[in-house]
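The values are calculated or read from the model by the stated rules, or taken from the named source; none is laboratory data. Nothing here was measured: the structure is a model prediction, and the numbers come from that model. Note: ideal-geometry Cβ built from the backbone for every residue, glycine included; neighbour counts use all protein chains shown. The protein model used for the area step is the full one, side chains on, heavy atoms only, and it has no ligands, DNA or RNA in it. Shrake-Rupley method; radii C 1.70, N 1.55, O 1.52, S 1.80 Å.
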Amino acid sequence: MSQMKKNLKYNLIWLALIVLGYAALYIAYSAGMVNLFLDNVLVQIGINIILAVGLNLIIGFSGQFSLGHAGFMAIGAYGAALVSMSMPTYAGFFLGMAVGVIIAGIVAVAVGIPTLRLSGDYLAIATLGVAEIIRILLINFKDITNGPSGIFGIQPFVDWQMVYGFVAITTLFIVNYIRSGAGRATMAIREDEIAAEAMGVNTTKYKVMAFTFGAMTASIAGSLYAGYLQSIAPKDFAFTKSVDILILVVLGGIGSITGTVIAAILLGIINMYLQDFGTLRMIIYALTLIILMIFKPGGLLGTKELSVKKIFTKFKKGDDRDASVRN
């Protein structure tokens, strides 16, 4: 019962922070401080947070190295695009998103049961193969997906508010999953799979669950991506996209949700300021990442999480010290 109270208090605190964040963005938009370019940057940051948090569940908390995230993102993008173009309403868009999530979940389970028996490089190669199979299917099913040309003219159903809402929903879901009994079993598998299995933990079940939830969040991000940019193509979901998401997880800290969010925001801002450098920006971007990883090889936060309670405790200690000095 006490654990339930702790979880409720934890969720209420972070819900309050989410509301404050939304209020700050709403005021910025209402005051005209956000132009189209900055809006694009903010939306892309939100989509990247959803992708990276889902991948961190797979890599950081279940200990499985996956390079197939772009494939599941593609499923969500094409699901939302195809359904919403035949039903050009918000209901059609959300139905397409739901279809993408279901398909991504089914594919993740079908792929996860045989492949998650592998580990390390072998699992990475297997998941990369799955993502490439999905991309090749999108190219070859020309009657449905329009082949390599992709789909254009998708209705602009997605705005910053919708993206922010799904960032909050997916992040809270994954954080609560990690804090649940299933999440603790998943982390036990990450620490020592043999010991966890010896203690009666069904390792295959929990690894497949984590892989499936990560794939479903990637599908949601793909739907938002399609609905915002209004055009998609198979090349948008190539191997490099999976690597981009992996960079966010590694930079923020493998096993840190807070670090993942910070890394997505940081890299989004860096990309924004490097737009004026043209092709040179990729070199600067790469050098920035190298320097960050040299000085912070474990990521920005490692496996740590920012705790609201700790922040308040530090402020309180600071106030107490100031009071004692005055006295």
Inspect all residues belonging to segment 89-98 and state whether any of them is over 28 Å from Val109 (Cβ atoms), part of a helix (DSSP H, G or I) and of a type in the set (Ser, Thr, Tyr). yes
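If you check Met85, Met187, which single one turns out to be open to solvent by 80 Å² or more (accessible area, probe 1.4 Å), modelled with pLDDT of 90 or more and either of a type in the set (A, V, I, L, M) or under 20 Å from the mean Cα position of the chain (by Cα) (or both)?
Working: Met187 fails: open to solvent by 80 Å² or more (accessible area, probe 1.4 Å).
Only one candidate qualifies: Met85.
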Verdict on Ile269 being modelled with pLDDT of 85 or more, farther than 26 Å from Tyr78 by Cα and among the β-branched types (Val, Ile, Thr): yes
Out of (1) of a type in the set (A, V, I, L, M); (2) at pLDDT below 75; (3) touching a His at 6+ places or on another chain (Cβ under 7 Å), the one Ile245 does not meet is (2)
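For Pro148, state whether it is touching a Lys or Arg at 6+ places or on another chain (Cβ under 8 Å), under 25 Å from Leu95 (Cα atoms) and either small (Gly, Ala, Ser) or at pLDDT 90 or above (or both).
Judged against the criteria, Pro148 is a match.
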Picked from segment 128-168 (must be outside any helix (DSSP H, G or I) and among the hydrophobic types (A, V, I, L, M, F, W, C)), the residue most open to solvent (accessible area, probe 1.4 Å) is Phe152
Restricting the first residue to segment 203-224 and requiring it to be free of Cβ contacts under 8 Å to residues at least 40 places away in the same chain, which pairs with a second residue that is assigned to a helix (DSSP H, G or I) and surrounded by 22 or more Cβ atoms within 10 Å (Cβ to Cβ) meet a Cβ separation below 8 Å and a spacing of at least six or different chains? Thr203/Ile189; Met209/Thr186
Here the residues within segment 169-184 that are under 13 Å from Leu224 (Cβ atoms) and open to solvent by less than 40 Å² (accessible area, probe 1.4 Å) are Thr170
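Name the residue that is nearest to Ser223 (Cα to Cα), counting only residues in segment 17-48 that are β-branched (Val, Ile, Thr), open to solvent by 10 Å² or more (accessible area, probe 1.4 Å) and assigned to a helix (DSSP H, G or I).
Among residues in segment 17-48 that are β-branched (Val, Ile, Thr), open to solvent by 10 Å² or more (accessible area, probe 1.4 Å) and assigned to a helix (DSSP H, G or I), the one nearest to Ser223 (Cα to Cα) is Ile45.
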Close pairs (9 angstrom Cβ cut-off, 6 or more residues apart or separate chains): farther than 17 Å from Leu17 by Cβ and open to solvent by 10 Å² or more (accessible area, probe 1.4 Å) in segment 255-266, outside any helix (DSSP H, G or I) and not hydrophobic (A, V, I, L, M, F, W, C) anywhere: none
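Condition check ((1) of a type outside the set (Asp, Glu); (2) without any contact (Cβ under 8 Å) to a residue 24 or more places away in the chain; (3) over 29 Å from Gly181 (Cβ atoms); (4) in contact with a Phe, Trp or Tyr (Cβ under 7 Å, 6 or more places away or on another chain)) across all residues:
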| position | (1), (2), (3), (4) |
| --- | --- |
| Ile49 | yes, no, no, no |
| Val53 | yes, no, no, no |
| Asn56 | yes, no, no, no |
| Gly68 | yes, no, no, no |
| Gly71 | yes, no, yes, yes |
| Ala77 | yes, no, yes, yes |
| Ala80 | yes, no, yes, yes |
| Thr89 | yes, yes, yes, no |
| Phe94 | yes, yes, yes, no |
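Would you point out which residue out of Ile232, Ile247, Ile220 is within 17 Å of His69 (Cα to Cα), open to solvent by 40 Å² or more (accessible area, probe 1.4 Å) and among the hydrophobic types (A, V, I, L, M, F, W, C)?
Exactly one residue qualifies, and that residue is Ile247.
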